[in-house]
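No lab work stands behind these numbers, since they all come straight from the coordinates. Being a predicted model, the structure only gives us computed values, none of them experimental. Cβ placement follows ideal geometry from the backbone for every residue including glycine, while neighbour counts extend to all protein chains displayed.
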There are 2 protein chains.
Amino acid sequence: MVNPAKFDRQQVVEQAMLLFWQKGFHATSMRHLQQAVDLRPGSLYATFGSKEGLFREALQQYAAHGERLLAQLHAQEGSALRALQLFFHQAIIEQGGRAPSRMCLLAKTVAELTDANAELLAEARRQLKRMEQAFLRLLQQAQSDGELALGCLPEQLAPFLQMQMMGLRAYMQMSCDPAAGERMLQQVFMPLRVVPS
Amino acid sequence: MVNPAKFDRQQVVEQAMLLFWQKGFHATSMRHLQQAVDLRPGSLYATFGSKEGLFREALQQYAAHGERLLAQLHAQEGSALRALQLFFHQAIIEQGGRAPSRMCLLAKTVAELTDANAELLAEARRQLKRMEQAFLRLLQQAQSDGELALGCLPEQLAPFLQMQMMGLRAYMQMSCDPAAGERMLQQVFMPLRVVPS
DNA sequence: TTATGCCTTGAACAGTCGTTCATGTTCAAA
DNA sequence: TTTGAACATGAACGACTGTTCAAGGCATAA
């Protein structure tokens, strides 16, 4: 390497991701991104190729962060079901006001984009499916640990959880009412409780 | 009226709404709208004032159509709970592929817009709240008709239903799998079933 | 028929979009 | 010290954005 780049690629993607998360793909201009990451167009285009390229990496970084958090919660709590519950609580209640948006960036992207950006749309869908599979693994673990009633079907519960995650965060974006979020969060996890014998 | 307009205002709003529904606010250009409704910029701006003005009317027309459909289902079915169920089924399963988007236009708008378009964002939130109140009235009706267990709390169930409506349609936008939609739809309405005594 | 106001038209505006590229800078290897 | 490849810079590109407006068409009232 003759002359290494002077910026941290991951840090640039992180800043770009936060901006995309806040304003969405179309409303985020390259001018604004250039200012946010403090890079001139030449450097950005040499590194990411296009606005779409930068957005794709932002999506991947966002999803990777989510998966990492879920695994970390599982490790530190021991319980798979408790990890899921904490993950939901964190995404919906705690991070609510601090994050650039109350909604999931992947869900926002699936909502905003069309076939006109087919690759990005497919990438967002793929990452959402990955998260759903992570939910599935945790639910299976919970079941074999006896945390989840044997009558439950993790293969049906995982998409159901994913659906409710998207719904909860979309609802929060609409109402901005933490109390309602907390109440519905309990309603979501109520049927997962194993009845004490 | 000296020289009345030659176009049908409601029809224009309808066409614009379909385009906004498909592509979102930012990705829909006035040029494209002008072509879709076959009007020149002067007429559009004289009638709606701005892109935002046209979008606001599109949101209102969309919401009005939803409320009308819900009332019509209630009238023709007699049962409030059955009306809700049909409404969900129609929005999520049937209209799925035919509509410009699998998602709700109001939810898409809340997901896409920011404070940069505060009035439009507020309008979308208001219309979503109106729908939730329509849900609430039907749930109360169902309860007093004995369709809904007395233990249920319509004031908690209505936001829960709204949340799941948003979640279901967002999930469908992600997976495009009608079977999964049908399955989750049953899961949503399962706890509402009154147990036969 | 003329006069009066509304409606329609399409060219044009200033601004912004994503993107390119010639130019200048930096730094390890020769 | 010279060389040369990788990187940084910012002006500039053509296309497109939302919006305006002068000019012309139209239908009613006088």
Kindly indicate whether A:GLY53 is within 13 Å of DNA strand C (Cβ to nearest atom) and out of contact with any helix residue (DSSP H, G or I) (no Cβ under 8 Å at 6 or more places or on another chain). yes
Restricting to the stretch B:146-183, name every residue that is facing another protein chain (nearest Cβ under 10 Å) and farther than 24 Å from A:ALA179 by Cβ. B:ARG169, B:TYR171, B:MET172, B:GLN173, B:MET174, B:SER175, B:CYS176, B:ASP177, B:ALA180, B:GLY181, B:ARG183
Might you check whether a residue that is more than 8 Å from DNA strand C (Cβ to nearest atom), surrounded by 14 or more Cβ atoms within 10 Å (Cβ to Cβ) and within 16 Å of the chain's Cα centre (by Cα) occurs anywhere in the stretch A:26-45? no
Under the condition of being among the basic types (Lys, Arg) and under 25 Å from A:SER175 (Cα atoms), which residue from the stretch A:98-135 is nearest to the other protein chains (Cβ to nearest Cβ)? A:LYS108
I'd like the full set of residues that are crowded, with 23+ Cβ neighbours inside 10 Å and not in a loop (DSSP other than H, G, I, E, B), limited to the stretch A:93-122. A:LEU105, A:LEU106, A:ALA107, A:LYS108, A:THR109, A:VAL110, A:ALA111, A:GLU112
(1) within 18 Å of B:LEU120 (Cα to Cα); (2) surrounded by 16 or more Cβ atoms within 10 Å (Cβ to Cβ): which one isn't true of B:ALA80, the others all being true? (1)
Checked pairs for the stretch B:26-46, first of a type in the set (S, T, N, Q), second surrounded by 11 or more Cβ atoms within 10 Å (Cβ to Cβ), C-beta under 7 Å and 6 or more apart or across chains, list as B:THR28/B:LEU19; B:THR28/B:PHE20; B:GLN34/B:PRO41; B:GLN34/B:LEU44
Just for helices (runs of 4 or more DSSP H) wholly inside the stretch A:1-92: which have at least 3 residues that are more than 16 Å from DNA strand D (Cβ to nearest atom)? A:9-23, A:51-77, A:80-89
For the stretch A:134-144, does any single residue satisfy the condition of being under 30 Å from A:THR28 (Cβ atoms), within 13 Å of the chain's Cα centre (by Cα) and not charged (D, E, K, R)? yes
Sort out which residues of the stretch B:146-177 are touching a residue at least 40 places away in the same chain (Cβ under 8 Å) and assigned to a loop (DSSP other than H, G, I, E, B), and write them in order of number. B:GLY146, B:GLU147, B:LEU148, B:ALA149, B:CYS152, B:CYS176
